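The values are calculated or read from the model by the stated rules, or taken from the named source; none is laboratory data. Computed from a predicted structure; not experimentally measured. Counting neighbours? That spans all protein chains shown, and the Cβs are built from the backbone with ideal geometry, glycine included.
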Amino acid sequence: MRSAALLAACLALARGGAVLAGAAELAVQDAWVRAVPGAEVAAVYLTLRNAGAQPLVIVAVRSPRATGAMIHESAVAAGRATMRPRERLVVPPGETVRLAPGGLHIMLHLAGALTPGETVPLTLELAGGASVTVTAQVRALGAG
């Protein structure tokens, strides 16, 4: 019996169980989406906390409410606002990364209009194949 349990644990590790465990180390809080009437895109903001000992890397975002989703970073340089996509977002071990207006955010290319009060499901895909499901609250323009 003990050998069977040990074998099962070894097989789980061989299939990537150790990598997939990273999803359990990522805490997501305060996820919300800004609803802008008539907009084809919407920004998602949230707070990420890595409770693990290894960096966690978000490599993609998906949502059934969007035809596409990307991690973006907004900045102001020389009085000019810019926004650029990021291929990945690293959450260092033991640290918190905040996605907030004017900085990092997830840009959704909407498949339909958002209504304040509803929720939007998101899947954050991590390097190594793990994923974390998040529910973001839709807030009216000016709220947040």
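For the stretch 100-124, which residues satisfy the criterion of being under 14 Å from the mean Cα position of the chain (by Cα) and surrounded by fewer than 22 Cβ atoms within 10 Å (Cβ to Cβ)? Before you say what the answer is, go through the steps one by one.
Our first condition is that a residue be under 14 Å from the mean Cα position of the chain (by Cα); within the stretch 100-124, this holds for 100, 104-108, 120-124.
Hits for the stretch 100-124 are Ala100, Leu104, Met107, Pro121, Thr123.
Just the residues that are within 26 Å of Glu118 (Cα to Cα) and surrounded by 15 or more Cβ atoms within 10 Å (Cβ to Cβ), please, taken from the stretch 42-58. Before the answer, list the steps.
Step one: filter the stretch 42-58 for residues within 26 Å of Glu118 (Cα to Cα), giving 42-49, 58.
Within the stretch 42-58, Ala42, Ala43, Val44, Tyr45, Leu46, Leu48, Arg49, Ile58 qualify.
List the residue pairs whose Cβ atoms are under 8 Å apart, where the first residue sits in the stretch 60-77 and is without any contact (Cβ under 8 Å) to a residue 60 or more places away in the chain, the second is surrounded by fewer than 18 Cβ atoms within 10 Å (Cβ to Cβ) and among the polar types (S, T, N, Q), and the two are 6 or more positions apart or on different chains.
The qualifying pairs are Ser74/Thr82; Ala75/Thr82; Val76/Thr82.
Please identify the pairs in which a residue from the stretch 121-144 that is touching a residue at least 60 places away in the same chain (Cβ under 8 Å) and over 16 Å from Asn50 (Cβ atoms) has its Cβ atom under 9 Å from the Cβ atom of a residue that is of a type in the set (Ser, Thr, Tyr) and not in a strand (DSSP E or B), counting only partners at least 6 apart or on another chain.
Note: pairs meeting the criteria are Leu122/Ser63; Thr123/Ser63; Ala136/Ser63; Val138/Thr115.
Looking only at the stretch 128-144, filter to residues that are over 10 Å from Ala23 (Cα atoms) and modelled with pLDDT of 95 or more; which one of those is surrounded by the most Cβ atoms within 10 Å (Cβ to Cβ)?
Among those that are over 10 Å from Ala23 (Cα atoms) and modelled with pLDDT of 95 or more, it is Ala136.
Could you tell me whether the stretch 75-91 includes any residue that is out of contact with any Lys or Arg (no Cβ under 8 Å at 6 or more places or on another chain), surrounded by 13 or more Cβ atoms within 10 Å (Cβ to Cβ), basic (Lys, Arg) and farther than 16 Å from Val36 by Cβ?
no
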